[in-house]
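The values are calculated or read from the model by the stated rules, or taken from the named source; none is laboratory data. A quick note: this is a predicted structure, and the numbers were derived from the prediction, not measured. In this analysis, Cβ positions are derived from the backbone assuming ideal geometry, glycine residues included, and neighbour counts consider all displayed protein chains. The area values use the complete protein model at the heavy-atom level, side chains included, leaving out ligands, DNA and RNA. Shrake-Rupley method; radii C 1.70, N 1.55, O 1.52, S 1.80 Å.
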Amino acid sequence: MKLIIINGPNLNLLGKREPGVYGNQDFNSFYLELQEKYPAVQFEYFQSNIEGEIVDALQKYGFESDGIILNPAAYTHTSVAIGDAIAAIKTPVIEVHISNVHAREPFRHLSHVSGKSIGSIIGMGLNGYVLAIEHFLYLNK
Ligand code: DQA
């Protein structure tokens, strides 16, 4: 099974960025743990701070992988283009947010991604990515 994890802006700073909200672990070390935990899964990882590059990644992987785990970060709340890209592709998308966006500022309550995704995992920290992988394993068994 081929899964792609796509992270949006500022998630390259995990571990350094607002640790009270996003935790102390950097994504690269977490990604290594995921690869060790799920040796049968063929992972790809893409992070960008640029909206159009996330659209490009969705278009690229959206016809060649079994699942996309997407944390569009701040673009969740603003990007019609990312929502449209999810609607345009074949591969199912699970939306993940590390923090509980519904317990935060009102502008974080809107998602252009939730309605286009098969589901959303919100507020479970980095474990949200694990839960998304488990769901794709369940779907593909
Ligand atoms: C986030 C939540 C977003 O509101 C925020 O802009 C992020 C990260 C999360 O994972 O909790 O950058 O997507």
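Name the residue that is nearest to residue 30 (Cα to Cα), counting only residues in the range 86-107 that are within 14 Å of the ligand (Cβ to nearest atom) and open to solvent by 40 Å² or more (accessible area, probe 1.4 Å). Of everything passing the filter in the range 86-107, 100 is nearest to residue 30 (Cα to Cα).
I'd like the full set of residues that are in contact (Cβ under 8 Å) with a residue 40 or more places away in the chain and within 16 Å of the ligand (Cβ to nearest atom), limited to the range 59-81. Answer for the range 59-81, where residues must be in contact (Cβ under 8 Å) with a residue 40 or more places away in the chain and within 16 Å of the ligand (Cβ to nearest atom): 68, 69, 70, 71, 72, 73, 74, 75, 76.
Screening 128, 123 for residues that are of a type outside the set (A, V, I, L, M, F, W, C), under 21 Å from residue 58 (Cβ atoms) and without any contact (Cβ under 8 Å) to a residue 60 or more places away in the chain leaves exactly one candidate, 128.
Test residue 41 against the stated conditions and say whether it is under 22 Å from residue 9 (Cβ atoms) and either touching a residue at least 60 places away in the same chain (Cβ under 8 Å) or among the hydrophobic types (A, V, I, L, M, F, W, C) (or both).
No, not satisfied.
No other residue among 117, 65 is open to solvent by less than 30 Å² (accessible area, probe 1.4 Å) and out of contact with any helix residue (DSSP H, G or I) (no Cβ under 8 Å at 6 or more places or on another chain) apart from 65.
Scan the range 121-131 and tell me whether some residue there is surrounded by 16 or more Cβ atoms within 10 Å (Cβ to Cβ), assigned to a loop (DSSP other than H, G, I, E, B) and more than 13 Å from the chain's Cα centre (by Cα). The answer is no, given that none of the residues of the range 121-131 is surrounded by 16 or more Cβ atoms within 10 Å (Cβ to Cβ), assigned to a loop (DSSP other than H, G, I, E, B) and more than 13 Å from the chain's Cα centre (by Cα). Scanning the range 1-51 for residues that are away from the ligand (no atom under 15 Å from the Cβ), of a type in the set (A, V, I, L, M, F, W, C) and assigned to a helix (DSSP H, G or I) turns up 32, 34. Per the listing 112, 102, the residue uniquely without any contact (Cβ under 8 Å) to a residue 24 or more places away in the chain and not in a strand (DSSP E or B) is 102.
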